[in-house]
1. At 20 °C and 1.002 mPa s, what whole-number value in µm²/s does Stokes-Einstein give for the translational diffusion of the chain, with Rh from the Kirkwood sum over Cα pairs?
2. Specify the angular offset, from 0 to 90 degrees and rounded to the nearest 10, of the alpha carbon long axis of helix 81-90 from the longest principal axis of the alpha carbons in the chain.
3. What share of all Cα pairs of segment 401-473, in percent, falls into each consecutive 5 Å distance bin?
4. Hey, what did the chain get for relative contact order, percent, Cα under 8 Å, at least 6 apart?
5. Please say if segment 98-183 is rounded, prolate or oblate, where rounded means a/c under 1.5 for a ≥ b ≥ c the square roots of the C-alpha gyration tensor eigenvalues, and otherwise the choice is prolate for a/b larger than b/c and oblate otherwise?
6. Relative to the present Cα-Cα distance, how much length would full extension add between Glu474 and Gln420 at 0.36 nm per residue of separation?
7. Just going by the charge dipole of the chain, with Lys and Arg at +1 and Asp and Glu at -1 on Cβ, which of Leu317, Gly248, Ala33 is farthest out on the positive end?
8. Please compute the modelled spin-label separation between Ser622 and Glu444, points set 7 Å along Cα→Cβ, answer in nm with one decimal.
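What follows is calculated from the coordinates using simple rules that are stated; it is not laboratory data. This structure is a prediction, so every number in the text was calculated from the model and none was measured. Glycine gets a Cβ as well: all are built from the backbone with ideal geometry, and neighbour counts include every protein chain shown.
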Amino acid sequence: MFLKIQTPSFTQWVQSFKTFVLWEKIVFFVFLALFLYSTIFLINSFYNNNTETVPAYGGIIREGLVGQPKHLNPIYSSTLDIDKDLVELLYSGLMKYGVDGKIENDLIENYSFSENGKTFYFKIKENVLWHDGKTLTMDDVVFTLNVIQDTEYLSPLRTSFLGVSLEKMSDYEGVFKLSEIYGGFLENLVSLKIIPKHALENIPAQDFASDENINITSPIGSGPYKIYKVKGSITSIQFRANENYYNGRPYIKDIIFNFYSTEKELENALLKGSIDNAHLSTVVDHYNISYTTPNYFGIFLNTKNEILENNEIRQALSLAINREEILNNILLGEGYTLSSPILSRYYGFESNEIEYNPEESVKILENNDYELNEEGVRIQEIEKVNNENISQDLQYGSTGIQVERLQECLSTFPDIYPSQKVTGTFGNETKAAVILFQETYADEILAPSNLTSGTGKVGLSTRAKINDLCFKGESTETKLEFTLKTTSYSILPAVAENIKNQLERIGVKLNIETFSNTEIKQVIRERNYDMILFGEKLITTPNPLPYFHSTQIFDPGLNLSVWQNEDADEILEKIRISYSFDSELINDLKEFEEIFFEENPAILLYSPNYIYYISPEIKGISGEKLVTPSQRFSNIESLYLKTKKVWK
């Protein structure tokens, strides 16, 4: 027989609680609170210790861009940053930029080089789907390269793949063959965004750049995002995460791009909160990330200019520029100064720099006979040689044209040569006149030779005085005055004005002309400038060849200084074929730098930071360097706005 235990009912508990005196009730509630707190604390600790916070899917970010997209088609997108930004989200390349610009595999699963880098074997991933669900294969890669290389398509990428062939080995394997070694080939594969053969092979070449479906409204890529909605006359485009993306669906659900006409409109939208993210060339009060880049700006000196062909003048101009003044006053410290074209600070090794030294600059100009005039501008006066002067010694008995010239000069001084005869024969009258002439200008003719009376012979000092008085050539005046051309983009007009003010301090006059981005291309094509303030870009491995090799002095080359140096060419060619950033490459770069500093073909100024104003709510951002602006989206699938807890 079991003893039956009966639990008190709720009513019985309440009735028993009423029997408590006050202090008993207080104790009861204190212990009850402690019990509840301990229970909650233990449950919460258990939960936190056995779970972790991870990114969650969802959320929208709004980004602003200046301009409107034209080609969301990687065959043409390389000419506009706005197109490259959006293409980065829509399409995949064989390689991609990872954190801090390191080149990583993207569609490629593995690869290997042979024949010293002229053959490139690779295998692409097998789980890649296009936005329409079709499988991406080697046929798409071959199709993409054929389109780029076909002159009918007019792709700006064509020059990057000259001398490159591609052979399909299987549905997922292929081999590139290069006609010559090129160390930047992997970088080219970053720009080789693959397009779908099945969707585009029947579109005529003449429609490839104009078809709105493939360029704006309905492009089919294999990237982390696809177009969800295009608003109005392309005032905004909404991107949605690709659920079938081979690296996993991105966490951020939607990215909306709003387009603005000017940077000022973009800035206002950012400060009003209409958008979350934007790149501005100016500094505003908003949370941002400041990336270093392999880009630089400088003054490229046209070495074919009759004044600037003088290396010493170029050196003097470079020494006169205070680069820190430009960085602090105009860039507000967002970047760093430089005078070398190898960007050692960005690439992480030491090199030399030119120090600001206006005193040395002035000394060089004065040594080249440039003196300040009344306007404060330095001029150089040069006397032209008069071919009709007296060029040989003469004495009693001499005859000929030289004697005639002597007599013509003496006849302009009746007190010295009363007869004023021009006979061409050096006789007694001429000798007497020469003696009197020498004694009249004794300080300049006789005194240097310690003579007290004239000799009657026309020697060096006598000839010099006669030529100075009677046969002096016309003098020419060379003024240190140049025209500096640049674009109206961003801060460049302000930088140009600062340069003008700095050069005025040493007596150099600068006239500034600004052009639109379209107009400046014509100026560059014609090399129609004394100096040009412009920017240039390097890549993950420094390769200055496109900007300083003598083969690039004509359009479409970018040797803006029109500089030619055989030793520099030889080193630049070695740098170009280097595949690894090793001590040999660094030594080659420094050797090129030495020649550059000896010749001074350009006055390099600064490397600006890329300022990316971004919502602090966006997590997962990493890296401190950007090779290109579009690289900020290269790890977009890792960024997130929302989080969740999961069991460990």
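1. Details: Rh = 31.2 Å.
Reported coefficient: 69 µm²/s.
2. In the chain, helix 81-90 runs at an angle near 30 degrees to the longest axis.
3. 3, 18, 30, 27, 15, 5, 0
4. Numbers: 1182 pairs, mean separation 135.0, N = 648.
With pairs under 8 Å counted, the relative contact order is 21 percent.
5. rounded
6. Values: separation 54, 0.36 × 54 = 19.44 nm, distance 2.58 nm.
Extra length available between Glu474 and Gln420 comes to 16.9 nm.
7. The residue sitting farthest along the positive end of the dipole is Ala33.
8. Taking the two extended label points, one gets 8.1 nm.
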